[in-house]
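Reading through the structure tokens given below for one structure.
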């Protein structure tokens, strides 16, 4: 299905009947990544899932976005579907968006429950290796700005950014690179206490993208939150143990065992 939000063509799926559930994907993932989750939830609810702007079959934003831009986008999508009440599920960057959205008291729809799966949003103190890496990057960046070097090696700055960046950063377009920088540098810790809805935290104990300590901190700071640690799983628990995760989600959203 297609929707036009902020002049962007957005691809999404709507499946099932009943109460509304919206899945917000993580950075770089698409609707296909969440197919098993969508199929499970669609048996008892009307589930929506988006290709977020810049990924899958959705248009890329015209300029770089921050978390507030994503919140505005998601809010407009919900309104476009005439949804008055829903549950939210966010994986990784999708969780980051939900945290910021739920700290906003001005939304005119009701969020009943939230599920954060390996959610992003916590900024960690930089270790010595990371600090050295950044200093080295800045030193090289300064050097290659000199006109003679810039003239001889016009693409050197781009190569430098790609060398020092993560795989997600390397694979992103210039606009999405700027977007990623804005997102990962905003610490949402101060917003966690504003989340007033029951919140389920699902985390793989082996998650290296968003460590289990992030989930523990969220459980501590979100007033009505519970953390489920999933052994031998990493950042994609819903793919690694789909049957177990789907049962947990069903029980949380419906208040009863499947």
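For every residue, the table says whether it meets (1) in contact with a strand residue (DSSP E or B) (Cβ under 6 Å, 6 or more places away or on another chain); (2) at positive phi.
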position: 197; (1), (2): yes, no
position: 205; (1), (2): yes, no
position: 214; (1), (2): no, no
position: 220; (1), (2): no, no
position: 225; (1), (2): yes, no
position: 232; (1), (2): no, yes
position: 239; (1), (2): no, no
position: 245; (1), (2): no, no
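Okay, residues lined up against (1) under 21 Å from residue 102 (Cβ atoms); (2) outside any helix (DSSP H, G or I); (3) assigned by TED's automatic domain parsing to the domain that holds residue 111; (4) without any contact (Cβ under 8 Å) to a residue 60 or more places away in the chain:
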site: 197; (1), (2), (3), (4): yes, yes, yes, no
site: 203; (1), (2), (3), (4): yes, yes, yes, no
site: 210; (1), (2), (3), (4): yes, yes, yes, no
site: 215; (1), (2), (3), (4): yes, no, yes, no
site: 220; (1), (2), (3), (4): yes, no, yes, yes
site: 229; (1), (2), (3), (4): no, yes, yes, yes
site: 232; (1), (2), (3), (4): no, yes, yes, yes
site: 235; (1), (2), (3), (4): no, yes, yes, no
site: 238; (1), (2), (3), (4): yes, no, yes, no
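For residue 53, the conditions (1) crowded, with 23+ Cβ neighbours inside 10 Å; (2) touching a residue at least 60 places away in the same chain (Cβ under 8 Å); (3) in a loop (DSSP other than H, G, I, E, B) all hold with the exception of (2).
When the residues of the range 6-47 are filtered to those that are part of a strand (DSSP E or B) and surrounded by 21 or more Cβ atoms within 10 Å (Cβ to Cβ), the one that is farthest from the chain's Cα centre (by Cα) is 20.
Okay, residues lined up against (1) surrounded by 20 or more Cβ atoms within 10 Å (Cβ to Cβ); (2) closer than 19 Å to residue 111 by Cα; (3) within 19 Å of the chain's Cα centre (by Cα); (4) at pLDDT below 95:
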position	(1), (2), (3), (4)
197	no, yes, yes, no
204	yes, no, yes, no
212	no, no, yes, no
227	no, no, yes, no
230	yes, no, no, no
237	yes, no, yes, no
240	no, no, yes, no
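Residues in the range 74-116 that are outside any strand (DSSP E or B), surrounded by fewer than 23 Cβ atoms within 10 Å (Cβ to Cβ) and either touching a strand residue (DSSP E or B) at 6+ places or on another chain (Cβ under 6 Å) or not assigned by TED's automatic domain parsing to the domain that holds residue 8 (or both): 76, 77, 80, 83.
The values are calculated or read from the model by the stated rules, or taken from the named source; none is laboratory data. This one's a predicted model, so the numbers in the text were calculated from it and none came from an experiment. Neighbour counts are summed over all protein chains in view; Cβ atoms, including those assigned to glycine, are modelled from backbone coordinates with ideal geometry.
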